[in-house]
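Heads up, the thing below is written out as C-alpha cells.
The values are calculated or read from the model by the stated rules, or taken from the named source; none is laboratory data. Everything numeric in this text was worked out from a predicted model, so none of it was measured. Quick reminder, even Gly has a Cβ in these numbers, built from the backbone with ideal geometry, and neighbours come from all protein chains shown. For the accessible areas, the whole protein counts, side chains as well, though only heavy atoms, and no ligand, DNA or RNA atoms are used. Shrake-Rupley method; radii C 1.70, N 1.55, O 1.52, S 1.80 Å.
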Amino acid sequence: MKRKLIMAIGPVIVAVVLLIAVFTLPMFEGKITHETLKNAAVVSQVKVKRSDSIYRAAMKDPQFIPFFGSSELQRYDPFHPDALADKYKRDYTPFLIGHAGTESLDHYLTMQAMGDSLNNKKMVFFVSPQWFVKKGVSKGAFNANFSTLHAIDFINNTNINETERRYVAKRILHYGSTKADTIITNALENISNGEELTTIQKKYIAAKRTILEKNKDVLGSHIPDNSWDLLNKQEKKLPETYNTQSLDSLALKIAEKNTTNNEFRIKNSFYKKHVEGNVERLEGSQRYYNYLQSPEYADFQVVLQELARQNVDVQFVVTPVNEKWREFTQLSPKMLDEFSTKINHQITSQGFKVIDLTKKGTEPYYMQDTIHLGWRGWVDLDTKIKPFLEDKKTNTPHYKIDSYFMSKEWQQKK
C-alpha cells in the first residue's frame, strides 16, 4: 500500500517541487553577460531557442543591431555581415533574428516579446520575394516557429489599435497554433471579434506567462560558447585592411572556386544536395509563380506598424533571385518587376527606407545559391548599409502609417 501511495503521489510532489523551483530559484537563470549576447548574436535559432530575456538584453545594448530575415542570415561565408563587422572591429555587431520559415508574422510576434527594448533602435530587415506566395507563410513553417509566450505578449499589448489586434488574432487562429490551450484560443477569439477578455482569461494568461517565461529563461539561455567558430574561420580569409575593391576581387575568386559543378553559379554543396538529382523536375517549375497576391502583404504591414510605434530606424533590404536560376525555372521577370514596384510602394510611401536588390540577380556571384545573398552580394550590401549602421546621430523617423495596406484589396492588388 505504501509503495502504491508513493507511485500515485510521487509525480505530483515532483511537479510541485519543480514549479516552486521555477518561481523561486532565479540563480538557475544565469547571468546574461556581454559575451553571452555576442554568442547569441550568431547562433542558429533552429538549434537553440534564445530566451526573451536574451532578446531584450541585446536590444538594450547599443553594440547589437538586430538583423531580421530568414534563411539568408544563416548562409555564412567570409563576407557575411557578422564576419565583416567582427574582422574590421566595427562598433556594432549584427544580431541575427530569423532562419528558414520565419516571415513577417513570426517577426511581428517576436517584436512583441521585445517590448520597449526596441524603442529608437536601428535595424536591418530583409524581405524575400518568396514570402509573398498565394497563401502566405505555410502552417508548418509558422507553427514550427510559434511561441505561445510571444502570443501572450501580443494579447497583453494594449498599445495596438483595434484593427491590427483583430487581424493578428485571426491570423494566429488561422494557423491553429494555440488549439491545445482552450483559454488562450478563446482569448484570441474574443480579440478577433472585438470583445474584451474575461477576468478568468486575464488571470490565466498572467499566470501562464510567468511560468513560460521562467521556463524559457532556465532552458533557453544556455548559448554555446563556440557559436563564432565557423565565422572566425571564414574571417581568416579576409584581408587585414578593409577595402571594398579588394573584398570584391576576393569574393569573385572564392565564388569561382566554389561553383565548379553547375552552370548556375550556385555553390557546389548546395547544388549537389538540392538540385543535382532534381534538374529535370525543376526546369520550368516556377513559370506560374506569383508574388503579387498574398496575405503576406498584410502580415508585413503589421510589422511596419509595430516598427513605427517603437520609432525604430529601420533599413529594409529586398533580396534578389539568381538570374540564371530564374531563367531555368522560368520565373516571370515581369512579375518580379511588378513585385518590386508593389513592395517598394508599401515601404517608401509610409516613410521607410529600402535598398532594393531585385535587379542584382544578374551580377555574377552576387548570390550564393538560387535565392540567397553571398560572396559579392554581401560585399555590395555592406557598402550600402555600413554608413547607416555607423552613423551615431539620433535620427527620429517620420512614418506615415496607412492601414489600407492591411486590406484585402491591397493583398490582392496586381
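Residues in the range 348-365 that are assigned to a loop (DSSP other than H, G, I, E, B) and touching a strand residue (DSSP E or B) at 6+ places or on another chain (Cβ under 7 Å): how many?
Residues meeting the conditions: 3.
Among residues belonging to the range 24-48 that are closer than 19 Å to K233 by Cβ, part of a loop (DSSP other than H, G, I, E, B) and of a type outside the set (K, R), point out the one that is modelled with the highest pLDDT.
Among those residues, the one meeting the criterion is V43.
Table: residues versus (1) modelled with pLDDT of 95 or more; (2) over 25 Å from P94 (Cα atoms); (3) not in a loop (DSSP other than H, G, I, E, B).
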residue	(1), (2), (3)
V124	yes, no, yes
F142	yes, no, yes
L149	no, no, yes
R166	yes, yes, yes
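How many residues are under 13 Å from T178 (Cβ atoms) and not charged (D, E, K, R) when one looks only at the range 200-216?
4
Got a number for residues in the range 307-321 being in a helix (DSSP H, G or I) and out of contact with any Phe, Trp or Tyr (no Cβ under 6 Å at 6 or more places or on another chain)?
Residues in the range 307-321 being in a helix (DSSP H, G or I) and out of contact with any Phe, Trp or Tyr (no Cβ under 6 Å at 6 or more places or on another chain): 2 in total.
In the range 92-109, what count of residues is obtained for those that are open to solvent by 10 Å² or more (accessible area, probe 1.4 Å) and either within 9 Å of the chain's Cα centre (by Cα) or closer than 22 Å to G361 by Cα (or both)?
Looking only at that region, the number is 5.
Between a residue in the range 146-163 that is open to solvent by 20 Å² or more (accessible area, probe 1.4 Å) and any residue that is of a type in the set (G, A, S) and not in a helix (DSSP H, G or I), which pairs come within a Cβ distance under 8 Å, given they are 6 or more apart or on different chains?
That search, which allows pairs on different chains as well, returns F146/S177; T148/S177; E162/G194.
Restricting to the range 77-91, count the residues that are open to solvent by 20 Å² or more (accessible area, probe 1.4 Å) and either in contact with a Leu (Cβ under 6 Å, 6 or more places away or on another chain) or aliphatic (A, V, I, L, M) (or both). Step through it out loud before you land on a result.
Taking the range 77-91 as the starting set, the residues that turn out to be open to solvent by 20 Å² or more (accessible area, probe 1.4 Å) are 86-91.
Checking the rest, the ones that are also either in contact with a Leu (Cβ under 6 Å, 6 or more places away or on another chain) or aliphatic (A, V, I, L, M) (or both) come to 87.
The number of residues fulfilling the criteria is 1.
Give the residues of the range 71-80 that are modelled with pLDDT of 95 or more and either farther than 14 Å from H372 by Cα or within 15 Å of the chain's Cα centre (by Cα) (or both), sorted by residue number.
Hit for the range 71-80 is P78, nothing else.
Each row is one residue, and each column tells you yes or no for (1) in a helix (DSSP H, G or I); (2) open to solvent by 70 Å² or more (accessible area, probe 1.4 Å); (3) more than 22 Å from E363 (Cβ to Cβ); (4) of a type outside the set (D, E).
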position	(1), (2), (3), (4)
S227	no, no, yes, yes
N232	yes, no, yes, yes
K253	yes, yes, no, yes
E256	yes, yes, no, no
N262	no, no, no, yes
F270	yes, no, no, yes
E280	yes, yes, yes, no
Q286	no, no, no, yes
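Only one residue in T198, T182, T210 is modelled with pLDDT under 95, surrounded by fewer than 16 Cβ atoms within 10 Å (Cβ to Cβ) and over 28 Å from G69 (Cβ atoms), so which one is that?
Result: T210 is the single residue among T198, T182, T210 that is modelled with pLDDT under 95, surrounded by fewer than 16 Cβ atoms within 10 Å (Cβ to Cβ) and over 28 Å from G69 (Cβ atoms).
Quickly run through the range 54-103 and pick out the residues that are among the small types (G, A, S) and either part of a loop (DSSP other than H, G, I, E, B) or more than 20 Å from T383 (Cβ to Cβ) (or both). So that I can check it myself, show each step before the final result.
As a first pass, look at the range 54-103 and keep what is among the small types (G, A, S): 57-58, 69-71, 83, 85, 98, 100-101.
Of everything in the range 54-103, those that are among the small types (G, A, S) and either part of a loop (DSSP other than H, G, I, E, B) or more than 20 Å from T383 (Cβ to Cβ) (or both) turn out to be A57, A58, G69, S70, S71, G98, A100, G101.
Is it true that some residue in the range 122-133 is in contact (Cβ under 8 Å) with a residue 12 or more places away in the chain and more than 16 Å from the chain's Cα centre (by Cα)?
yes
Out of everything in the range 376-407 that is in contact with a helix residue (DSSP H, G or I) (Cβ under 8 Å, 6 or more places away or on another chain) and of a type in the set (D, E, K, R), what residue ends up being nearest to T362 (Cα to Cα)?
Here the answer is R376.
Anything in the range 372-404 that is in a helix (DSSP H, G or I) and either more than 21 Å from the chain's Cα centre (by Cα) or β-branched (V, I, T) (or both)? List them, or say none.
Residues satisfying the conditions are R376, V379, D380, T383, I385, P387, E390, S403, Y404.
Consider R326 against the criteria (1) closer than 30 Å to R281 by Cβ; (2) open to solvent by 20 Å² or more (accessible area, probe 1.4 Å); (3) under 24 Å from the mean Cα position of the chain (by Cα): it satisfies all of them except one. Which criterion is unmet?
(3)
Is it true that some residue in the range 335-347 is assigned to a loop (DSSP other than H, G, I, E, B) and surrounded by 15 or more Cβ atoms within 10 Å (Cβ to Cβ)? Step through it out loud before you land on a result.
Within the range 335-347, the first condition is being assigned to a loop (DSSP other than H, G, I, E, B), and the residues that meet it are none.
Scanning the range 335-347 turns up no residue that is assigned to a loop (DSSP other than H, G, I, E, B) and surrounded by 15 or more Cβ atoms within 10 Å (Cβ to Cβ).
For T241, are the conditions met, namely being of a type in the set (V, I, T), open to solvent by 80 Å² or more (accessible area, probe 1.4 Å) and either under 17 Å from F146 (Cα atoms) or not in a helix (DSSP H, G or I) (or both)? Write out each step before concluding.
Numbers: of a type in the set (V, I, T): yes; open to solvent by 80 Å² or more (accessible area, probe 1.4 Å): yes; either under 17 Å from F146 (Cα atoms) or not in a helix (DSSP H, G or I) (or both): yes.
So T241 fits the description; yes.
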